[in-house]
Amino acid sequence: MSSACQFLHKNLATLPRFRAGFNPQDLPRNGLYFLFEKGEAAHGGDRVVRVGTHTGQNNLSKRLNEHLFKHNKDRSVFRKHVGRCLLTREVDSFLEFWELDLTAKKQREQFEHLVDKKRLAEIETDVSDYVNEKFSFVVLSVENKENRLKIETGMLGTIAQCSECTASAQWLGRQHPNSVIRENGLWNIQGLKGVPFSEEEIDYLFIRSDEAA
Ligand SMILES: [Zn+2]
């Protein structure tokens, strides 16, 4: 299991690395993304701390923008996770309001007037500042949506079940209220029990990701 994960990390390390300010035209239109975070290491290099993909066709760069930079936690569970941890670390009571989802009209009518908008904007900025400073990513091109979702689950299973991929003592995710994040060292909750890939499967995915099933 760990050797397949080692092989995966070795392959990911060969891909072009992107950071804040990336040019969307440099990314494939469809695929999976793998996030790395400063201070997190495994297999002799940077450790994957999140795997994700998108359902809407041709939306990979739009989805990455929502996760990493767009000031709206309700469009990104990843931003919500990071914000939760930053607020918990500071013992900030605004956490209660950060948890509210204001996407639906009914929720907005019920809760919006309770939320300090200026404070909310400040936390969104804090999340983006943290993400910009700490995170980088690589992408694996996969055109077909069903394949993307299957591959995401296999990748998450490979990493989550690897004994060498563990969070550092200082990892921000250790502040998260959900033990799944704290214990697996990933900014993911779903899909961690996926059947891990073999080295052969990973090799195939990196050579022919678009046709892979
Ligand atoms: Zn690993």
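Can you tell me the alpha carbon radius of gyration of the range 155-208 divided by the globular rule-of-thumb value 2.2 N^0.38 Å?
Values: Rg = 12.9 Å, N = 54, 2.2 N^0.38 = 10.0 Å.
Its radius of gyration relative to the 2.2 N^0.38 Å reference: 1.28.
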(request) Name the long-range amide H neighbours of residue 47: under 5 Å, sequence gap of 5 or more, or other chain; modelled H, no Pro or chain starts. (result) 37, 40, 41, 42
(request) Tally up the carbon and sulfur contribution to the accessible surface of the chain as a whole percent, 1.4 Å probe, everything protein left in place. (result) 48 percent
(request) Taking every pair of alpha-carbon atoms in the range 1-59, give the share separated by more than 13 Å as a whole percent. (result) 68 percent
(request) Could you list, by residue number, the cysteines of the chain that have no other cysteine's beta carbon within less than 4.7 Å of their beta carbon? (result) 85
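Can you work out D for the range 19-169 in µm² s⁻¹ from Stokes-Einstein, where Rh is the Kirkwood radius over C-alpha pairs, the temperature is 10 °C and the viscosity is 1.306 mPa s? Present the calculation step by step, with values, prior to reporting the outcome.
On the way: Rh = 16.8 Å.
Calculated translational D: 94 µm²/s.
At a temperature of 25 °C and a viscosity of 0.890 mPa s, determine how fast the range 82-213 diffuses translationally according to Stokes-Einstein, using the Kirkwood radius over alpha-carbon pairs as Rh; express D in µm²/s, rounded to the nearest whole number. Walk me through the numbers on the way to the answer.
Details: Rh = 17.5 Å.
It comes out at roughly 141 µm²/s.
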(request) With only Lys, Arg, Asp and Glu charged, each at its Cβ (+1 for the first two, -1 for the last two), find how big the charge dipole of the range 1-80 is about the Cα centre; round to the nearest 20 debye. (result) 240 debye
(message) Let me spell out the model: positive unit charges on the Cβ of Lys and Arg, negative unit charges on the Cβ of Asp and Glu, origin at the Cα centre of the range 56-172. What dipole size does that give, in debye rounded to 20?
(response) 400 debye
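Going down the list 62/145; 10/145; 38/150; 38/145, which pairs span over 22 Å between their C-alpha atoms? Before the final figure, lay out each step's value.
Details: 62/145 15 Å; 10/145 25 Å; 38/150 28 Å; 38/145 30 Å.
10/145; 38/150; 38/145, as the Cα separations exceed 22 Å there.
How large is the accessible surface per residue of the chain, computed with a 1.4 Å probe and reported in Å² as a whole number? Present the calculation step by step, with values, prior to reporting the outcome.
Values: 10620 Å² over 213 residues.
Per-residue accessible area for the chain comes out at 50 Å².
The values are calculated or read from the model by the stated rules, or taken from the named source; none is laboratory data. No experiment lies behind these values; they were computed from the predicted model shown. Note that each Cβ is placed from the backbone with ideal geometry, even for glycine, and that neighbours are counted across all protein chains shown. To get the accessible areas, we keep the full protein, side chains included, count just its heavy atoms, and leave off ligands, DNA and RNA. Shrake-Rupley method; radii C 1.70, N 1.55, O 1.52, S 1.80 Å.
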